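The values are calculated or read from the model by the stated rules, or taken from the named source; none is laboratory data. Please read these numbers as outputs of a predicted model, since none were measured by experiment. Don't worry about glycine lacking a Cβ; one is built from the backbone with ideal geometry, like all the others, and counts go over all protein chains shown. The protein model used for the area step is the full one, side chains on, heavy atoms only, and it has no ligands, DNA or RNA in it. Shrake-Rupley method; radii C 1.70, N 1.55, O 1.52, S 1.80 Å.
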Amino acid sequence: MGELVTEKHVRYILAAEKRKDDFESVVMEHLRMNGVYWGLTTLDLLGKLDTVDVNEFVSWVMSCQHESGGFSGNIGHDPHILYTLSAVQVLALFNKLDIIDVDKVTKYIVSLQNEDGSFSGDIWGEVDTRFSYIAISCLSILHCLDKINVEKAVKYILSCKNMDGGFGCTPGGESHAGQIFCCVGALAITGSLDLVDKDLLGWWLCERQVKSGGLNGRPEKLPDVCYSWWVLSSLIMIDRVHWINKEKLIKFILNCQVVLAELLSCDFESDTENGGISDRPDDAVDIFHTYFGVAGLSLLEYPGVKPIDPAYALPVDVVDRIFFK
Amino acid sequence: MSKESCSEEKGLNLLHQLEDIFENDPLIDEMGYIHPSQFSLLNDESGIPGDSPEEVLHPSAERTASSVESLLDASNQENLYFWNRDHKLGISTQILLQLYRSAKQSFMSAFKQYKASNIQSDKVVDSSYAFPSCDHLESILMRHSRSLLLLSCDFITAWNCRKYVLSKKNQPSVFMDELHLSALVLSYAPKSEQAWSHRRWVIKSISANCSNFNEILEKESELVEKIAEVLILCRNYILLNWKEIKDELPCLESPMLVLHELKRARNWAAQHIADNSCFHYRRRLLLKILEDSSCRRCVSSGYNFDMEQLWKDELDWNRTLVNRFVGREALWLHRRFLSSCWINHFLTESSNTSNASKETASKYHEFGEFLENELCLAKSCSTILDNDFEDLQSQAKHSACYILWLRTQVPKPLENELLEKLRGVDLLNLLNKSCPERSSLFNDIMK
């Protein structure tokens, strides 16, 4: 196992996008907006975004927008801040941000900010620092960050800092690599990284690397390819990425690729099972881990993969287009 | 009849069967998906439909009258696709796709109609006219959303519609039903983010109006512990509830509750020493007591406990675990927290009594002793034997890192004390030997 099998991954993504006749695929349809973002960003990082029908995706994305301004995971589902960010990111990939009614989306996100600066995911009120990141990232892309109370948002995020230097989902929540990415990303975008103890956090993050070279999300857990993104991007943002062993991590990610198809049940054609990346070696693949694996390799500057922005989780050329046009 | 409408009808049939099972057995508290081959085992011709798996595998000579009856009564189809006994439900994997499609379609259409009728009833002045049809639509909606959630646990829209319906109600019993449903979903999908989120919402909603809130919380702790895999969501979920208690029920002596919980959770923690969430939970409880005790210092309180002793006990208990369970990261991280707090709260607090200088001297002495003990422990764990026993290597790595941690936690005025004690220990060498991968970290930290 020595290389990234790009062609197979591209084929895997394109096939997975079309698959609608098995339970596992169909039961994910409520989060299709996320899946589309993962799949398309991966294709873009591999230089193959032109293999898909732009108009088909753009019109589908827009048909997921609600009156409230938020986007849902799929047509007919309820809106949520999670899918709102993914929708905006997908449109950014296609350079179609100009078709968004910026005021409408902004209004939706602003309405989700609470008194204490935190953000809810939707009208039902669940609070999580993930939603803080989403709000800040999304509004930043739309050039409307000033419409929320940034100071309070930052204050709330900092209140979720733990003694080990990490961040949780709410004040007092356990430090977790995913939450850390969200908090650090949000602080990066709002220019508040000086408020992070970088040595302390960097220490916690680099301890996520286990013997196999993979990264886990918190102590005592198994490594998982998706943490190649969350831990790595956080380390890059706080300028401590030299504290992990990059070569070992690259090897781990490449080992999570599925190169030879295993003949599973008769439901699958063996061809479509080629490609894709799983959470750890020898497990089943999915779009989620394929994206994070490739994104991780991008951060590690693997040849043949476009560079990705660690805070916005979009290809650097897309981010440049948004901010430096 | 076209192939499509045939399969649609079959799907609806399956949905009705599923929903009938719930009508007949509203107490179902556990479910799972069963592969068809396992199904035939459960409903083997040599066994009797409805037998428990154990009975099928080890058939006994006795058959009760009721199980013979059930053999005669049970429809053939039900045996092929659904299995229901002892309040447990099994669904054949063979029909999942079809069932999902029809559940989703029925749900979406019911939701649409319900929303439309709600808009109508808001407009109609004489609302009693709209009510009966609204109630009926509501019960259909609740039924279909439940079926859908048994197939797609994170289907946000289905959970939302239930919140929508519930937010118009006041009876606690309906909310209890929601806890029951989410527990059922968690039985087949313990990591379902939406199921946990829904529970949080339900508990928040009833906390204001419920007299037996404590009881409910007790049950929540039990449920969480029952779900074998300890998840970050579980832990955060309980913590969220503690916060809610504090805000909603200020009459509660929360420090006492927290102490009680600390004690109770100790046994459980000892059985889950590789579970970081467990120890994070303890840290939260300890921090809470610390916060409360510092603001109650000047206030006379009905309870008396020695904060310092509590901390010492926790450190001692941790030491026992560290020595017994070799190489466990979670234990060492817990120790980092405990020492950090010990140094910063108990040893270096400024005192404004008249015996200030005497106190300082004794604190200094205590600090020296504390350091001595900690370094002793760490050193005893850091001998790297020349074998490949992974746990011992881990122990060496963790203990060396622990020494480094102490070095960063010690405040400037007391640094010399530490360096004095570390004389003769080439810390950097020790660190690099135990964990060469992290040499970059060690070099930077020790600069």
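Go through the stretch B:157-178 and report how many residues are under 23 Å from A:H77 (Cα atoms), under 20 Å from the mean Cα position of the chain (by Cα) and not charged (D, E, K, R). Result for the stretch B:157-178: 1. When you scan the stretch A:135-155, do you find a residue that is surrounded by fewer than 23 Cβ atoms within 10 Å (Cβ to Cβ), within 14 Å of chain B (Cβ to nearest Cβ) and either farther than 21 Å from A:L85 by Cα or in contact (Cβ under 8 Å) with a residue 60 or more places away in the chain (or both), even just one? Checked the stretch A:135-155: no residue is surrounded by fewer than 23 Cβ atoms within 10 Å (Cβ to Cβ), within 14 Å of chain B (Cβ to nearest Cβ) and either farther than 21 Å from A:L85 by Cα or in contact (Cβ under 8 Å) with a residue 60 or more places away in the chain (or both).
Taken together, the residues in the stretch B:140-156 that are assigned to a helix (DSSP H, G or I) and either open to solvent by less than 10 Å² (accessible area, probe 1.4 Å) or touching a Leu at 6+ places or on another chain (Cβ under 9 Å) (or both) amount to 8.
Among the residues of the stretch B:371-381, are any modelled with pLDDT under 85, part of a helix (DSSP H, G or I) and open to solvent by 80 Å² or more (accessible area, probe 1.4 Å)? No, the stretch B:371-381 contains no residue that is modelled with pLDDT under 85, part of a helix (DSSP H, G or I) and open to solvent by 80 Å² or more (accessible area, probe 1.4 Å).
Please work out if A:A16 is among the hydrophobic types (A, V, I, L, M, F, W, C) and either part of a loop (DSSP other than H, G, I, E, B) or open to solvent by 20 Å² or more (accessible area, probe 1.4 Å) (or both). Yes. The criterion of being within 14 Å of another protein chain (Cβ to nearest Cβ) and open to solvent by 50 Å² or more (accessible area, probe 1.4 Å) holds for A:I75. Under the condition of being buried (at least 19 other Cβ atoms within 10 Å of the Cβ) and more than 10 Å from chain A (Cβ to nearest Cβ), the residues counted in the stretch B:93-106 number 3.
Among what's in the stretch A:211-243 and is in a loop (DSSP other than H, G, I, E, B) and in contact with a Leu (Cβ under 8 Å, 6 or more places away or on another chain), pick the residue that is nearest to the other protein chains (Cβ to nearest Cβ). The selected residue is A:P219.
Checked against the criterion of being more than 18 Å from A:K96 (Cα to Cα) and either without any contact (Cβ under 8 Å) to a residue 60 or more places away in the chain or open to solvent by less than 40 Å² (accessible area, probe 1.4 Å) (or both), the stretch A:51-61 has no qualifying residue. Being within 12 Å of another protein chain (Cβ to nearest Cβ), more than 24 Å from B:K115 (Cα to Cα) and modelled with pLDDT of 95 or more is a condition met by no residue of the stretch A:8-23. All conditions but one from (1) modelled with pLDDT under 95; (2) crowded, with 23+ Cβ neighbours inside 10 Å; (3) on the phi < 0 side of the Ramachandran plot apply to A:G296; the one that does not is (1).
Mind listing just one residue for me: the one in the stretch B:157-187 that is among the aromatic types (F, W, Y) and modelled with pLDDT of 90 or more and, of those, least open to solvent (accessible area, probe 1.4 Å)? Don't jump to the end; show me each part of the working.
Narrowing the stretch B:157-187 to residues among the aromatic types (F, W, Y): B:159, B:164, B:175.
Add one more test, that the residue is modelled with pLDDT of 90 or more, and what stays is B:159, B:164.
Numbers: B:W159: 1, B:Y164: 77 Å².
Looking at residues that are among the aromatic types (F, W, Y) and modelled with pLDDT of 90 or more, I get B:W159.
Of the candidates A:G69, A:G39, A:G47, the single residue that is more than 14 Å from chain B (Cβ to nearest Cβ), assigned to a loop (DSSP other than H, G, I, E, B) and under 20 Å from the mean Cα position of the chain (by Cα) is A:G47.
What tally of residues in the stretch A:156-167 results from selecting those that are open to solvent by 20 Å² or more (accessible area, probe 1.4 Å), assigned to a loop (DSSP other than H, G, I, E, B) and touching a Phe, Trp or Tyr at 6+ places or on another chain (Cβ under 7 Å)?
In the first step, residues of the stretch A:156-167 are kept if they are open to solvent by 20 Å² or more (accessible area, probe 1.4 Å); the result is A:158-159, A:161-164.
Then keep just the ones that are assigned to a loop (DSSP other than H, G, I, E, B); that gives A:159, A:162-164.
After this cut, where a residue has to be touching a Phe, Trp or Tyr at 6+ places or on another chain (Cβ under 7 Å) as well, the list is A:163-164.
Selection size over the stretch A:156-167: 2.
Just for the stretch B:308-351: of the residues that are open to solvent by 50 Å² or more (accessible area, probe 1.4 Å) and of a type in the set (V, I, T), which one is farthest from the other protein chains (Cβ to nearest Cβ)? Let's see the steps before the verdict.
We begin by selecting, within the stretch B:308-351, every residue open to solvent by 50 Å² or more (accessible area, probe 1.4 Å); these are B:308-309, B:312-313, B:316, B:319-320, B:323-325, B:328, B:344-345, B:348-350.
Those still in the list that are of a type in the set (V, I, T) too: B:320, B:348.
Values: B:T320: 19, B:T348: 16 Å.
That would be B:T320.
Considering each residue of the stretch A:94-108 in turn, none proves to be within 21 Å of A:F181 (Cβ to Cβ) and crowded, with 22+ Cβ neighbours inside 10 Å.
Within the stretch B:416-442, residues that are touching a residue at least 24 places away in the same chain (Cβ under 8 Å) have Cβ atoms under 6 Å from residues that are among the small types (G, A, S) in these pairs: B:E417/B:G368; B:L430/B:A400; B:L431/B:A400; B:S434/B:A396; B:S434/B:A400, counting only partners at least 6 apart in sequence or on another chain. Return the residues of the stretch A:87-134 that are within 14 Å of chain B (Cβ to nearest Cβ), of a type outside the set (A, V, I, L, M, F, W, C) and part of a helix (DSSP H, G or I); say none if nothing qualifies. A:T129, A:R130, listed by residue number. Within the stretch B:168-201, the set of residues being without any contact (Cβ under 8 Å) to a residue 60 or more places away in the chain, more than 9 Å from every other protein chain (Cβ to nearest Cβ) and among the hydroxyl-bearing types (S, T, Y) comprises B:S173, B:S182, B:S192.
B:L290 - would you say it is touching a His at 6+ places or on another chain (Cβ under 9 Å), aliphatic (A, V, I, L, M) and modelled with pLDDT under 90? For B:L290, the condition - touching a His at 6+ places or on another chain (Cβ under 9 Å), aliphatic (A, V, I, L, M) and modelled with pLDDT under 90 - is met.
Screening the stretch B:395-447 for helices (runs of 4 or more DSSP H) wholly inside it with 2 or more residues that are crowded, with 18+ Cβ neighbours inside 10 Å and either at pLDDT 90 or above or out of contact with any helix residue (DSSP H, G or I) (no Cβ under 6 Å at 6 or more places or on another chain) (or both) returns the ranges B:439-446. Within the stretch A:168-210, the set of residues being within 14 Å of chain B (Cβ to nearest Cβ), open to solvent by 10 Å² or more (accessible area, probe 1.4 Å) and among the acidic types (D, E) comprises A:D197, A:D199, A:E207.
Inspect the stretch A:99-108 for any residue being hydrophobic (A, V, I, L, M, F, W, C) and closer than 23 Å to A:S159 by Cα and give the result as yes or no.
Quick first cut of the stretch A:99-108, residues hydrophobic (A, V, I, L, M, F, W, C) only: A:99-100, A:102, A:105.
When the remaining residues are screened for being closer than 23 Å to A:S159 by Cα, the result is none.
Looking through the stretch A:99-108, none of the residues is hydrophobic (A, V, I, L, M, F, W, C) and closer than 23 Å to A:S159 by Cα.
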